[in-house]
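Following: one structure in structure tokens, then a few remarks.
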Amino acid sequence: MGVALGSFLVIGLYDGVIGTAWPSIRHALHLPIGELGLVQLASTAGFLSSSSVSGRLTAHLGRARTLIAATTLGTFALALFALSPNLALLLVASLGVGLAAGTVEPGVQSHVALTARTRTMNLLHGVYGVGATLGPVLITTLLVTHASWRDAYLLLLVLEASVGLGVLRRRAVFNTSTPSLRPSRRQLASLDTPVDAHPSETPLSRVALTVALGLFFVYTGLEVATGQWAFTLLTTARHLGTGTAGILVAGFWASLTAVRIGGAVLGDRVSQEVVLTSSAAGSVVGEALLWWNVDPVVAAVGLLLVGASLAPAFPLMMLRTERWAGTSRVSSAIGWQSAAATAGIAALSGIAGLLIDNFGLGTLCPYLFSLSIAFLALQLWALRTQDRRHGLAGASMELAPDSDRLP
């Protein structure tokens, strides 16, 4: 379990460090402030490229070997990032980090989806939130103590290498969830389907995949657009103080992390369908309160409600992939879902920026509210589609306790 959690801690730390470290990075390398967009674009391109093929790669090489290769690449990329003397090498390093993360994230998530319970998936994403929260603290502490931003990436390098060594040590456990290139006749028979028709090749499963990709695309766009633009909304349009707005935005991310960790404690005591429906509905209510603007307290409650409501959705949606994709296709499906999620962050948050630039901040809340409505509609559609697929495929596999199955 520690290896899986450690991998997401490193990903969270990297995502949390880059924004806070950028002023120091650009000053050291004599770069314009806007070049951060290029660095993030390189990382996103790497993530999309590797996550979309991660399932096929895992089927060819095995789960452990794929994760070891990815963490090795990530270690070298972080070393290059820490030592980069110019923008060109920084972009190469960022591309390498993205390629590594795009393999590790879906690889670990698909392993958890196949071998663990709800609480572990929630804990996995809760740990990511801890990393994203600690990232700015780490870089700020280093800078305050007159250390270099490069030291933060050297620390990430050590942690990434430790994850790779952990996978190597527990490679037999990780390989238990390696997908096959083609399902066996026994697997097909267990799904009560004809031996020449795999469930993931039916029209229904194509619909399920399309809905799932749209769901992840909209979810991450809603989450990140809300978190990224809330501070600007509260300070510029709502005229709140910098300190108050900063605390509220930090509260948004903290509520997201806290509820995911709380979900790890609750486990399967509440129906997944109820949690996912409540999550989507709660985001609609929260965005409506943020838009209402009758009082700063109401807006604050709305922002925190959005964070708390969205928290359980992503890990549970990942966990349910096996329900509609079939066991042999989980790794590929989760890779595509991760790619769709990353694309949603870039596209939908970018659209928010374009709307604000062209029509003003008044367009932000209606836009976020419309995304929450789309999230609710897609969630209800996904639940219905997944339940139909699950009914055709037969009963889901029985899962062993987390402590027995997850390294």
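Couple of notes before you dig in:
- Flag if Glu273 is of a type in the set (Asp, Glu), at negative phi, surrounded by fewer than 20 Cβ atoms within 10 Å (Cβ to Cβ) and not assigned by TED's automatic domain parsing to the domain that holds Gly12: yes
- Those residues of segment 103-131 which are aliphatic (A, V, I, L, M) and over 11 Å from the mean Cα position of the chain (by Cα), in sequence order: Val104, Val108, Val112, Ala113, Leu114, Ala116, Met121, Leu123, Val127, Val130
- In the set (1) crowded, with 23+ Cβ neighbours inside 10 Å; (2) modelled with pLDDT of 95 or more, the condition left unmet by Met121 is number (2).
- When Ser148 is tested against (1) among the hydroxyl-bearing types (Ser, Thr, Tyr); (2) surrounded by 22 or more Cβ atoms within 10 Å (Cβ to Cβ); (3) in contact with a Leu (Cβ under 8 Å, 6 or more places away or on another chain), just one condition goes unmet, and that condition is (2).
- Those helices (runs of 4 or more DSSP H) of segment 143-216 in which at least 1 residues are among the polar types (S, T, N, Q) and at pLDDT below 90, considering only elements entirely within it, cover 171-175, 185-190.
- In the condition set (1) among the aliphatic types (A, V, I, L, M); (2) surrounded by fewer than 24 Cβ atoms within 10 Å (Cβ to Cβ); (3) within 22 Å of the chain's Cα centre (by Cα), Ala100 is compliant with all but (2).
- Residue check, Leu134 assigned to a helix (DSSP H, G or I), in contact with a helix residue (DSSP H, G or I) (Cβ under 8 Å, 6 or more places away or on another chain) and modelled with pLDDT of 85 or more: no
- For segment 311-326, the set of residues classified as at negative phi and not in a helix (DSSP H, G or I) consists of Ala311, Pro312, Arg320, listed by residue number.
- Each residue in segment 284-304 was checked for being farther than 18 Å from Thr236 by Cβ and in contact (Cβ under 8 Å) with a residue 24 or more places away in the chain, and 6 of them qualify.
- Considering Leu78, Leu73, Leu61, Leu57, the condition of being buried (at least 18 other Cβ atoms within 10 Å of the Cβ) and modelled with pLDDT under 95 is satisfied by Leu57 alone.
- Candidate set: segment 292-334, residues that are under 16 Å from Gly227 (Cβ atoms) and of a type outside the set (A, V, I, L, M); chosen: the one surrounded by the most Cβ atoms within 10 Å (Cβ to Cβ): Gly307
- Remark: pairs (first residue in segment 31-60, touching a residue at least 40 places away in the same chain (Cβ under 8 Å) and small (Gly, Ala, Ser); second residue buried (at least 18 other Cβ atoms within 10 Å of the Cβ) and outside any helix (DSSP H, G or I); Cβ separation under 9 Å; 6+ apart in sequence or on different chains) = Gly55/Pro179; Ala59/Thr178; Ala59/Pro179.
The values are calculated or read from the model by the stated rules, or taken from the named source; none is laboratory data. It should be emphasised that the depicted structure is a prediction, and the values quoted were computed from it without experimental measurement. In this analysis, Cβ positions are derived from the backbone assuming ideal geometry, glycine residues included, and neighbour counts consider all displayed protein chains.
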